[in-house]
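Okay, structure first, notes after.
The values are calculated or read from the model by the stated rules, or taken from the named source; none is laboratory data. Worth saying up front: this structure is predicted, and the values here are computed from it rather than measured. Here the Cβ positions follow ideal geometry from the backbone for every residue, glycine too, while neighbour counts run over all protein chains shown. Quick note on the areas: whole protein, heavy atoms, side chains included, nothing else; ligands and nucleic acids left out. Shrake-Rupley method; radii C 1.70, N 1.55, O 1.52, S 1.80 Å.
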Amino acid sequence: MYEKEYVDDLENGNRTYGENITCVAISPDGSIVATFNPYGSYISITKLTTDDKAKIPFDINKFKKPSKILGWTLAVSDIINTKYDTCLVAISCVTDKDINPKEIEEGDLRKLYKLFQIFIKKQLSFWDSQLFLILLFILYYAIATFIVTFIPNFKSSYDKSNLFFYLFFIIIPICILFYYEYVRTRKILVTDTKQFRLSCTSGEGIIKLFKFSFNNANDDHDGNDNSMYHHVGGYGGVLTFLKHSKNSLKNYATLICMNCVKIQKINIKLNRNISTSKEGTYLLPENLFNKLESLGDSRRNWQYLLKSRFQEYLMVYTSNYQKINIEIYDVNNLQLVNVFHKHREEDRLIQNDNDPGVFAMSTDSRLFAYSYRDNIIAIYLMENGLEVVSKKFENIYKITFLEFIENDKKLFIIEEDKENNVKFHIWIISGCLNDYFSISKEDISLSDSNIPTPSRYDENYNILIKANGKVVFHNKENEDQFKVVHEIITKRTTFGEDDTVADEHEYKSYDLEPWNNSTKNVRGRFLNNDKRFFLIIGQNSIQLWKSKSINFVDVNNFKNFENSNLVYILISDKIKPETKTKSIEKHQKFVNGAMNIIKDFINRYPDNWKLMEVQHPLMAYLIYSRSFSLIKYILFGVNGQTTEKLHKPQNNYASYPYYNESELCDDLELKDICLNLKSANDLSLALKFCQDQDAVMLAYLLEYYSENSMTHIGWMINVTKILPELSELSNHDYYGNYMDLILYKPCFGEMKYNFPIKKFRALSVRQDTLEVYVPLTNLLSTNSSDLFLYYKMREDISPDTYYMVPLPNFTTYDAKIEGKSRKGIIHFLRKTLFPPGYKNLGDDNISPFLQIKKNEKVFFSIPAIEAAINSRWYQAMAYWIRPLSLYAIFLILFTTISQFRTVDLEQSITDTTGELLYTYTVTIDKTLNSLVQIGIGIFYYIGLYLLVNEFMQIRKYKIKYIRIFNLFDLSSIILGMIAFSLDYYIDETQISNETKDVLFTIVTLILWIEMLLWLRLFSVIAINIFIFGNILKKIIPFFTFMFILIIGFGNSIFFLLGDASRGNIDASLSTYILEDEDHVEYKLTGPIQDSPVDTIWNAILSMYYLSAINLNSYSDYLPLKLFAFVANVVIVLVLFNMIIALMNDIFKKAKNDGNLGLLMYRKVLIDDFERLDIPFNDLQLHDSPYICYLQDPNLMKKWMKKSQELRETKLYSWFKESVDKENITYDGVDITPWYELISSNENQDSISTPDHMTLWF
């Protein structure tokens, strides 16, 4: 043996603990095991399926290793070439610099250069060829304006300063608004680049790769050592090969190397020699990096890293005094799998957080088991992060190892007791009652040399390995021997009867099996002669009855439900009913009896039910059988309060281990949706049954999920999927509208962010909208500009202010529908010069958020919906700013091309004395003709571009395109091009200049209105536009009333002064008396004032401007004075003050409606954008499964008020159940025929428990 005693001196490189321990590794599929000791002469490889053994020569003296080695790691791949049975082996040595962040130096110029390089890359990521084209258009206009303004001999019929007006008051304001909307962020996030800076430093460790074939005769290597291995310098850390699946490329493998700062993915290609290429370098999850940095000890960091990884999974452990958080990352796809929560036990509040605990993954990556090295194991569902069950083993002291075996039916447990002895246990996780067994080493054929000895430092991580449901024990005395444990036979207790049987009695079959109309008899007897229990062996059932009194008197005393309770029943699902039964009452009793058995089982063994429920689609059977009361009991218990959380949502029925599609279809009689059943789940199945009283099952599930979601977002994974279809359900007499009710559940505005991830990306932080952020849920590449998009939340920002949208993957979509990345000159011209087309996809392929077609303002007032819209707006706006810029240039050229025209200049020639010699005329059209022609070309190009864009929308949306704003967009572009063409190409002999001026004026106004509508892209402008529109809508009725009243007054005064004129009552002359210094008076008479009401139109305008007109000329006419007084009171005093008061009240309401209008507008643009086949690679959608926002009471007060009002209202409140022997009613409606329908054997072959669902008792 080469294993030596531990020496507590890391400086002694040749005798450290890390160098002298034997490393053991297993391939991801569990088929190959390799061992390695750095002071041995070979690497040993064993193929477990055939027990083939081989050795790879190794000489540490020829190994260029660093001077100070902390430890070694070993990894072996799956067979990557089945023809030659070829695999890869990798070894790595690590040093302090690889494993301890404090040992890494910072700050050289190379790191600063890389930081600057990525920063520039981020700034340029927004730019593409089309934006550069737009920039060229703007540059053209700036140059043309400069030439026209500053050429000395150029003279225009317009003021030259007009040209700068458009540059400063259109282009620059748009840039300012864009910066405010797109770039400016509220400073609640702070930068943290320390980990990135450390990642720029190369490590001191090295990796050596070896190629090996179990079929040496057919291998293509020549036996030379140099052709068998490959040296990779600058890398050192924990090694893992990714699983080689059927879809993986032949002769290719991916190696993961992880140190204390980063993860490196190395692609390996196996030809005659080994070639490697770096796929990418990624930063460790922030919490793991912070943990390693806080430990500060290289040896502890090394062990912590070893314990935190398993194959492609990386576990990150964080905790506080109340809760443990576990993040699981998939290194293969670089994404967060889920976050799991575990509450600390009261007696475990203070623990050593320097150990991440032990965990195991099921072979199908469906279940996750975790223990904090105590005697408690928690099992979670990977897909939703929810805890299935947490079991405390009283006879276990400390759990040190976990692994799923036997197709994930059992959990293999290794314990270290108080005396440091190793013990073995099995936990059967199928839900059976007799589920826990302690086993000896003989039960799994282990010798003392196979049993790992607990050590302070290795803790079994180098001699005990696992993969794909196999546990491999390394023989400490013989390195080439292993013991593989993948199946353990446990002895179960059989419950049966004694050989002696007392009296038996016969009963009519239809009395005890009402689903059979047979005249045959069934037999009954006491179980084990115990008169408390009566056993019935029927034609197709086994029943066990318990006396309601102490004992039965005799076999004749058994009267089934009259004096007994049904405590067990097993009905065969092979029943073939002979005729339709008429015994509905007996059916009902057996149904109730079976339900009582289930309820009693749940009450006694809730954890067993939980395990059974995640293995079998039990809820599907309950939904099909319309077991309302049982569903409610499982979800809400006796008192209607969710306590045990017996049911967990799962994405689809195909994820259940015991799922059989054809069998489930037959059992549920769902032939019409059998093809979709594989992807269906309990919630979608309940939605299929959402008719009349059956709709209560959907209400139960929705209420249950939404209530529990306040603790974990995973409860809502299926709610996300059905929301689009749920939104289409109209109001119903029975149950109203579930969509409207569920949106006011607390989770849609009060679900606090409870993930341990503290890095976010700001997506929308504008004023008057919810500030939206997304957490970092992927591993960041060190070469990606995303490093400058994710920042840490400031410490002074309270975590209680973060809230989450309760719908995971609400705005994400299938990656298969992304815009394709194409190359070539044709594609370059296509994406630069033409608008993008639309993807050929239906509504089912887009995100659930966009599939929802509700446009009611109530829907957009929900905080979670607003946050979802704002989260997608960031990228949508990055696209829409392009057509906005093009339209702005279109408008500028429309209004300024005509100003580039020159006029003839008259030049004078004089002599030296200044005397005029002669004059001549010079025309300088040629100077600017080329610029004008370029401008005209750009104008028509942009016009056609925008028209094609509109026509593509017409083709895509057809009749849905016909909206007032869409039609205005289309008409404004067409009118602009027509008016420009008429003005520039048609002379005055065909169309008069006056007609052109009128047309040009009207079109210019239309184009400016269209420009204002385009500016709705910016929230500051959009909200004010929607406020104006809302005020106009609400003020029109009052304006109608006011103008009718003004018309009445105008018409009246018209006739009043008309009568005065007929009566020779004329307006009096205006006279003025002046007195000079000699006191001589002069009388001046002014002209007679024209009548302000000489026509009906002037009379109406006079009443509108009543406070501004002068009626003093008619001051002698008393009726006019009285009329003017009344008109002033009504119009000036009353009406105008009413307008002011009304506007104040309307403005407050209109502002709220303006925010809703902004959200509705954004959703339309987001929908259109995400259907586009965007050729711009940098505009590919950034999908995050989770969306966070900062709560703003001012923006959420309406929702909060209504949510409080509905807080006690349950979705199923409309449903009231009562059952008696005479009839069955629901909400007062007699539905006995419906109960007969679900109970009769005409529609249900049996009320049975399928064979694969039989319980172990």
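Conditions tested, residue by residue: (1) over 30 Å from Leu770 (Cα atoms); (2) touching a helix residue (DSSP H, G or I) at 6+ places or on another chain (Cβ under 6 Å).
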position: Ile974; (1), (2): yes, no
position: Ile986; (1), (2): yes, no
position: Lys996; (1), (2): yes, yes
position: Ile1009; (1), (2): no, no
position: Leu1012; (1), (2): no, no
position: Leu1017; (1), (2): no, yes
position: Gly1029; (1), (2): no, no
position: Lys1033; (1), (2): no, no
position: Thr1040; (1), (2): yes, no
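Filter the stretch 969-998 down to residues that are of a type outside the set (Ser, Thr, Tyr) and open to solvent by 60 Å² or more (accessible area, probe 1.4 Å), then give me how many there are.
10
Residues in the stretch 1025-1058 that are in contact (Cβ under 8 Å) with a residue 40 or more places away in the chain, closer than 30 Å to Pro1119 by Cα and either open to solvent by 30 Å² or more (accessible area, probe 1.4 Å) or among the aromatic types (Phe, Trp, Tyr) (or both): 8 in all. Scanning the stretch 692-708 for residues that are under 15 Å from Leu741 (Cβ atoms) and open to solvent by less than 10 Å² (accessible area, probe 1.4 Å) yields Ala695, Val696, Leu698, Ala699, Tyr700, Leu701, Leu702, Glu703, Tyr704, Tyr705, Ser706. For Cys1188, the criteria (1) modelled with pLDDT of 50 or more; (2) surrounded by fewer than 19 Cβ atoms within 10 Å (Cβ to Cβ) hold in every case but one, which is (2).
Of the helices (runs of 4 or more DSSP H) contained entirely in the stretch 584-624, those carrying at least 2 residues that are within 14 Å of Leu646 (Cβ to Cβ) and touching a His at 6+ places or on another chain (Cβ under 9 Å) fall at 606-615, 618-624.
Pairs are defined by a Cβ separation below 8 Å, a sequence spacing of at least 6 or placement on different chains, a first member in the stretch 676-701 that is on the phi > 0 side of the Ramachandran plot and assigned to a helix (DSSP H, G or I), and a second member that is open to solvent by 10 Å² or more (accessible area, probe 1.4 Å) and of a type outside the set (A, V, I, L, M); the pairs so defined are Asp692/Tyr734.
To keep it simple, each residue is scored yes or no on (1) within 18 Å of Ile207 (Cα to Cα); (2) at pLDDT 80 or above; (3) out of contact with any Lys or Arg (no Cβ under 8 Å at 6 or more places or on another chain).
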position: Ala25; (1), (2), (3): yes, yes, yes
position: Asp29; (1), (2), (3): no, yes, no
position: Asn37; (1), (2), (3): yes, yes, yes
position: Lys47; (1), (2), (3): no, yes, no
position: Lys55; (1), (2), (3): no, yes, yes
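The number of residues in the stretch 850-873 being open to solvent by less than 20 Å² (accessible area, probe 1.4 Å) and over 14 Å from Gly1157 (Cα atoms) comes to 9. State yes or no: is Asn325 outside any loop (DSSP other than H, G, I, E, B), under 27 Å from Leu787 (Cβ atoms) and not assigned by the TED database to the domain that holds Ala25? It is true that Asn325 is outside any loop (DSSP other than H, G, I, E, B), under 27 Å from Leu787 (Cβ atoms) and not assigned by the TED database to the domain that holds Ala25. Summed over the stretch 84-107, the residues that are modelled with pLDDT of 80 or more, more than 25 Å from Ser308 (Cα to Cα) and either not assigned by the TED database to the domain that holds Ser275 or not in a strand (DSSP E or B) (or both) give a count of 2. Hey, among Gln899, Gln907, which residue is touching a strand residue (DSSP E or B) at 6+ places or on another chain (Cβ under 9 Å) and modelled with pLDDT under 85? None of the other options fit; the residue is Gln907.
Looking across the stretch 844-896, the residues that are part of a helix (DSSP H, G or I) and among the charged types (D, E, K, R) come down to Asp844, Lys857, Glu866, Arg872, Arg882. Residue count for the stretch 257-280 satisfying the condition of being open to solvent by 10 Å² or more (accessible area, probe 1.4 Å) and either part of a helix (DSSP H, G or I) or of a type in the set (Val, Ile, Thr) (or both): 2.
How about the stretch 281-297: which of its residues are open to solvent by less than 20 Å² (accessible area, probe 1.4 Å) and more than 19 Å from Ile207 (Cβ to Cβ)?
Leu283, Pro285, Leu288, Phe289, Leu292
Scanning the stretch 594-620 for residues that are among the polar types (S, T, N, Q) and over 15 Å from Ser430 (Cα atoms) gives Asn596, Asn603.
Applying the selection to the stretch 32-57, what residues are assigned to a loop (DSSP other than H, G, I, E, B), farther than 16 Å from Lys483 by Cβ and out of contact with any Pro (no Cβ under 8 Å at 6 or more places or on another chain)?
Selection gives Asn37, Pro38, Tyr39, Gly40, Thr50.
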